[in-house]
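Bear in mind these aren't lab numbers, they're just calculated from the coordinates by the rules spelled out. Bear in mind the structure is a predicted one, so any value in this text is a computation, not a measurement. No Cβ is skipped: glycine too gets one built from the backbone with ideal geometry, and neighbour counts run over all protein chains shown.
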Ligand SMILES: [Zn+2]
Ligand SMILES: [Zn+2]
C-alpha cells in the first residue's frame, strides 16, 4: 500500500515551486511515515530550488518539521504510531568512527529512508536533507524521528529540526558559551537569533547582536541581545571592543558565512576566545588571515554543523525549556501559511522580512 498526498516540489533549477501529488510508500524496515503538522521554510529549501545544493531534481522540499508517526516499518523500536516527533537530519548510525569514539553529534553516516517517495508518474523525488516535509505525509528513517513532549505546538517544535537548533547549538554546543561569558553574534536572521537566544539560555552576560538591518537588530533584542551594532554604520570590531573593556568577546559567532564577516568575528574575540562559523559560505568564498594572529590569539576557530546537536539529547531538552517559558520558540514564528504560500515565503525570507514562515497542515493547529 502507499499514500497519495500533496507536497511542494522544485521540479527544475530556479523554477517556482509547485504543489504536486506525491506517492509515499508504506514504511519498510527501519522506516517511519510521519503525518506532518507544521514545517518551517528555511534558506536551505531555497538553495535546493536554485540548484545550489546539487542537481538531483525534482526535490521534495521542507525539513523543519513536527508531526505524528502514522506508520512504522519492521524492526522500528525507537518510535511507535501516535508518537509526537520532531524530524532531524542527524539520525546517528552508532557505527561510524565518530559514533564509535563516543561523539555521535558528529556522526558521519546518518540514516535516511531507503525507499523513495515519487511523483504520480513514478519519478523519484530527492527529499530536502533526507526529510521532505512540505507534504501531508513523509517517509523517513525512524532515527530521524525524535520524540518530544506533545504539549509543544508543532509550529514551534518543528523549528528545532534545523535553523533554530543550528543557532542554539552554535552557542551552547560548539561555542561552549557559559555563565557570564561575552558573546557577539554576526547576522540576526533565524540562525543568528537562535544563537542569541541560546547564549541567553546558557547565562551569557553580554550578548552583542551585529547586523546591517535595524529591523533585525530589534528582533535580536527580543531574543536576548544586550547590545546591538549596525555594522553598516559602525565598525563592529571597534564597537564590540568598546563594549567589552577593550578586549573583545569570549565567543564570536558568524551566522552569515561571508569572508568579511568571518574576519570581523575573528578580530572581535578576546585572547583565547572562540570563533564559531555557522553561516553557510558560498562555494567560491576564501579567507585570508594573518597566521601569526591565528597563533598568537590562541583559542579556537570552530565550525558548527547543525549546531553539533544530538537530537535525542537536545530536542527534548529545548522543548522542556520552551514549555517552562524559558526559551521562546514561538518568537521565531513570524507567520503561519499554507502549502500554496511557500513560493511567496521564499520572497519574504530573501527580503529579510520574516524570521520563519511556517506551513501548517489542516487540523494541526493546537
Ligand atoms: Zn555515526
Ligand atoms: Zn534548514
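Equivalent ellipsoid semi-axes for the chain, as square roots of 5 times the alpha carbon gyration tensor eigenvalues: give them largest first, rounded to whole Å. All intermediate terms of the calculation are to be shown ahead of the outcome.
On the way: eigenvalues 248, 87, 75 Å².
Semi-axes (√(5λ), whole Å): 35, 21, 19.
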Checklist line | Two-decimal Rg/Rh across the stretch 10-119, once Rg and the Kirkwood Rh are taken from alpha-carbon atoms | finding: 0.99
Notebook entry, point to check: In units of 2.2 N^0.38 Å, what is the alpha-carbon radius of gyration of the stretch 26-184?
Noted result: 1.07
Checklist line | Peptides 51-58, 228-235 ordered by average Cβ neighbours within 10 Å, highest first | finding: 228-235, 51-58
Margin query: What's the whole-number percent of alpha carbon pairs in the stretch 311-360 lying beyond 12 angstrom?
Written below: 67 percent
Checklist line | Paired Rg and Dmax values of the stretch 99-251, which use every Cα atom, in angstrom | finding: 19.4, 64
Margin query: For Cα pairs less than 8 Å apart in space and 6+ apart in sequence, what is the mean separation divided by the residue count of the stretch 176-303, i.e. the relative contact order in percent?
Written below: 22 percent
Item checked: Gap separating the Cα centres of the stretch 292-338 and the stretch 143-196, nearest whole Å -> 2 Å
Item checked: Value in Å of the Kirkwood radius, where the stretch 183-316 supplies the Cα pairs that are averaged -> 14.8 Å
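Using Cα-Cα distances under 8 Å and only pairs 6 or more residues apart, what relative contact order does the chain have, in percent? Each step should come with its number before you reach the end.
Working: 933 pairs, mean separation 65.1, N = 366.
Contact order relative to length: 18 percent.
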Note to self: How much of the DSSP bridge set in the chain is antiparallel, in percent, rounded to the nearest 5?
What the structure shows: 55 percent
Margin query: Bin width 5 Å, origin at 0, all Cα-Cα pairs of the stretch 250-359: what percent of pairs per bin?
Written below: 2, 10, 13, 14, 16, 17, 13, 8, 4, 1, 0
Item checked: Highest to lowest packing among 316-328, 121-133, scored as the average C-beta count within 10 Å -> 121-133, 316-328
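What order do you get for 106, 3, 262 when you list them from fewest to most C-beta neighbours inside 10 Å?
Working: 106 16, 3 19, 262 22.
Final ranking by Cβ density, sparse to dense: 106, 3, 262.
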Note to self: Report the per residue volume, in Å³, of the convex hull enclosing the C-alpha atoms of the stretch 130-205.
What the structure shows: 123 Å³
Note to self: Between residue 13 and residue 326, what is the label-point separation in nm under the 7 Å Cα-to-beta-carbon projection?
What the structure shows: 4.8 nm
Check: What does the helix-only formula give at 222 nm for the chain: each DSSP H stretch with n ≥ 4 adding -39500 (n - 2.57), the total divided by the residues, and the result rounded to the nearest 500 deg cm²/dmol?
Finding: -6500 deg cm²/dmol
